[in-house]
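The numbers here are math on the coordinates, done by the rules we state, and not lab data. Small disclaimer: the values here were computed from a predicted structure and weren't measured. Ideal geometry is used to build each Cβ from the backbone, glycine not excepted, and the neighbour counts take in all protein chains shown.
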Amino acid sequence: MRTLLIVDLQNDFMQGGALPVPGAAALVPVINQLQPHFHLIVACRDWHPPDHCSFAKNHPDKKPGDSIECAGYLQKLWPVHCVRNTPGAEFATGLECDRWAKVFSKGTDASIDSYSAFFDNARRRSTGLAEYFIARGIVEFHVVGVATDYCVKFSVLDALELGFQPIVILNATQGIDLQGQDTEEACVSMRQAGARLVPTAFIN
Ligand SMILES: [Zn+2]
């Protein structure tokens, strides 16, 4: 069953949103074109409570880009983004969602962030995605969305560790590149961990 995972294609990550990923809006038509070629489509979304620990605003004297210790790991701080039930958390304008089988929410616990579509950053709790794939016998799946150097990367690395075979479609992903080379480094680490990265999806 050809399966597609769409990562965090939400308004706040688009141009004009709270935490824009450069070029993310250009992914919408690319991903819309891909969708008819997949039998099963699932998505994940950032779905934060307003008091989420990853928001710089919730920590005195901190600004986006700073880091704090949170649940025993280093948490990078971001602008307020993807607050549940707000327009910024809705899927990107124009993105076709009608064939999606399921949406997995992450970052729903105020005390911990979740870059991966599978687990929170401390791996305390599963989002249910792994169990969903396992129940359907899905091993290989394609990945698209944002950001290549955060949520796509961590989703792919977790997938590999869980025994799945993720394939990243590069022309349907975008990185945020806070450090300039982040996307390139993310691609190297995904490849080294065993992921396949393809420039575009084969369509047949
Ligand atoms: Zn977030």
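To the nearest 10 degrees, how steeply does helix 182-193 sit against the main Cα axis of the chain, on a 0 to 90 scale?
Approximately 50 degrees, to the nearest 10.
Report the semi-axes of the equivalent ellipsoid for the chain in whole Å, largest first, where each axis is √(5λ) for an eigenvalue λ of the Cα gyration tensor.
On the way: eigenvalues 128, 66, 56 Å².
So the three semi-axes of the chain are 25, 18, 17 Å.
So if R0 is 25 Å, what FRET efficiency would Ile68 and Glu185 give, r being the distance between their Cβ atoms, rounded to the nearest 0.05? Numbers along the way, then the final one.
On the way: r = 23 Å, r/R0 = 0.91.
E(calc), rounded to 0.05, equals 0.65.
Once you've got the Cα coordinates, tell me which of Lys63/Lys106; Lys57/Lys106; Lys106/Lys153 are over 18 Å apart.
Values: Lys63/Lys106 23 Å; Lys57/Lys106 20 Å; Lys106/Lys153 15 Å.
Result: Lys63/Lys106; Lys57/Lys106 exceed 18 Å.
Using 19 Å as the cut-off for backbone N distance, which residues of the range 176-204 belong to the label zone defined by a point 7 Å from the Cα of Val139 along Cα→Cβ?
193-197, by backbone N distance to the label point.
Please figure out what share of the DSSP beta bridges in the chain is antiparallel and state it in percent, rounded to the nearest 5. Don't jump to the answer; show the numbers that get you there.
Numbers: 6 of 31 bridges.
Antiparallel bridges make up about 20 percent of those DSSP assigns within the chain.
If the only charges are +1 at each Lys and Arg Cβ and -1 at each Asp and Glu Cβ, what is the size of the charge dipole of the range 126-179 around the Cα centre, to the nearest 20 debye?
Working: 2 positive and 6 negative charges, 25 e Å.
Here the size comes out at about 120 debye.
How many nm separate the modelled label positions at Trp100 and Asp61, each set 7 Å beyond the Cα in the direction of the Cβ?
Here the modelled spin labels are 4.0 nm apart.
Express in whole angstrom the spacing between the alpha-carbon centres of the range 162-203 and the range 76-123.
The range 162-203 and the range 76-123 have Cα centres separated by 19 Å.
Mind listing the long-range amide H neighbours of Thr173? Cut-off is under 5 Å, sequence gap 5 or more, other chains count too, H placed in the peptide plane at 1.01 Å from N.
Excluding prolines and chain starts, which carry no amide H, the hits are Gly145.
Can you give the net charge of the other residues whose Cβ lies under 11 Å from the Cβ of Pro64, counting K and R as +1 and D and E as -1? Could you put the intermediate results ahead of the total?
Details: positive: Lys57, Lys62, Lys63, Lys76; negative: Asp66.
Result for the local shell: +3.
So if each residue of separation counts as 0.36 nm, and I subtract the Cα-Cα distance between Arg196 and Arg84, what length gain in nm does that give? Let's see the in-between values first.
Values: separation 112, 0.36 × 112 = 40.32 nm, distance 3.23 nm.
Once the chain is fully extended between Arg196 and Arg84, it gains 37.1 nm.
Just the number, please: percent antiparallel of the DSSP beta bridges in the range 102-202, rounded to the nearest 5. List each step's numbers first, then the result.
Values: 1 of 10 bridges.
Here the antiparallel bridges make up roughly 10 percent for the range 102-202.
Name the most mobile residue of Gly137, Gly23, Gly128, meaning the one with the largest mean-square fluctuation, in a Gaussian network model of the chain with Cα contacts below 10 Å.
Gly137
Which whole-number percent gives the relative contact order of the chain, counting Cα pairs below 8 Å spaced six or more residues apart?
Numbers: 451 pairs, mean separation 47.3, N = 204.
Dividing the mean separation by the residue count of the chain yields 23 percent.
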